[in-house]
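Colleague: First, the structure itself, so that you have it in front of you.
The numbers here are math on the coordinates, done by the rules we state, and not lab data. Here the structure is a predicted model, which is why all the values come from computation and not from measurement. Cβ sites come from the backbone with ideal geometry, for glycine too, and all protein chains shown count toward neighbours.
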Amino acid sequence: MAIVFCRECKKEVSDAAATCPHCGIAEPGKGAKPKPTAKDTIVGLVVVCAVVGGLVFACTDSKEEKAAAAAKVEADAAACKKDLQCIGDKASMVAARPCAAAIERLARGEVTWTDGTLGTKFPNFRWLNDSKAQVTLMGDKVQFVNGFGAKINMKYFCQVDMSGSTPIVLNVNAAEGRW
């Protein structure tokens, strides 16, 4: 005589019972699975832990792989500092906010950016000093309001030092016109 779960109400019932004492269904043990024992539960937990441990071990990098990945990242960063396109693209993304804030401080009145939501404020760049990883970011997507309230298109540049981990704004300037 084993204890099984009723196929209807899922409560414990004897497998020899003709009806379930809880819900009254006939032959409650027919097709029902027996209640798992403590041994079954422990074996299941051990199997789950073994699978999780195996996955963690398989997905974890060794010390050599981590060192190789770190060396590759450093080599890529050093190579990027020598390539104008790479460092210019990086600078126009990471230095856009501090450069835009510095350009806005140049205005005496209201500032309106005309670059749009997905546009870039600094579409052009050139070397300032290639040996020191310094670039000049340039653009013309801003309008300053003059003393009479008219909006004037401005061209601007932002000189950025990209030699460290964070960009440093060296100088900004703005003048009337477009590039």
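Colleague: Taking Cα atoms, how many degrees apart are the long axis of helix 63-80 and the longest axis of the chain, rounded to 10 and kept between 0 and 90?
Modeller: The two axes meet at around 20 degrees.
Colleague: Computed over the Cα atoms of the range 3-59, what is the convex hull's projected area averaged over all directions, in nm²?
Modeller: 4.9 nm²
Colleague: What net charge is computed for the residues neighbouring Phe148, neighbours being all others with C-beta under 15 Å from the C-beta of Phe148, Lys and Arg scored +1, Asp and Glu -1?
Modeller: 0
Colleague: If packing is taken as the mean number of other Cβ atoms within 10 Å per residue, what is the order of 44-51, 140-147, highest first? Don't skip to the answer; put the middle values down first.
Modeller: Numbers: 44-51: 10.1, 140-147: 17.0.
Ranking the peptides 44-51, 140-147 by packing returns 140-147, 44-51.
Colleague: Across the chain, how large is the tail of the calculated P(r) beyond 29 Å, expressed as a percent of all Cα pairs? Spell out each step's value before the answer.
Modeller: Working: 9176 of 15931 pairs.
Value for the chain (Cα pairs over 29 Å): 58 percent.
Colleague: Between Lys39 and Asp15, what is the FRET efficiency for a Förster distance of 22 Å, r being their Cβ-Cβ separation, to the nearest 0.05?
Modeller: 0.70
Colleague: Using Cα atoms only, what is the angle between the long axis of helix 96-106 and the major principal axis of the chain, expressed in degrees (0 to 90) to the nearest 10?
Modeller: With both axes taken from Cα atoms, the answer is about 40 degrees.
Colleague: Along the Cα→Cβ direction, 7 angstrom out, place labels at Thr112 and Gln85. What is the inter-label distance in nm?
Modeller: Distance between label points: 3.6 nm.
Colleague: Now for a separate question. Helix 38-59 sits at what angle to the longest principal axis of the chain, using alpha carbons and giving 0 to 90 degrees rounded to 10?
Modeller: Long axis of 38-59 versus the principal axis of the chain: about 20 degrees.
Colleague: If the elastic network links every pair of Cα atoms under 10 Å, which of Ala58, Ala79, Ala133 fluctuates the most in the Gaussian network model of the chain?
Modeller: Looking only at Ala58, Ala79, Ala133, the largest GNM fluctuation is found for Ala58.
Colleague: Can you tell me which of Pro21, Pro123, Pro98 moves the most in a GNM of the chain? Springs connect C-alpha atoms under 10 Å apart.
Modeller: Greatest mean-square fluctuation among the candidates belongs to Pro21.
Colleague: Under 26 Å Cα-Cα from Lys132, which lysines qualify once same-chain neighbours fewer than 8 residues away are excluded?
Modeller: Lys72, Lys81, Lys82, Lys90, Lys121, Lys155
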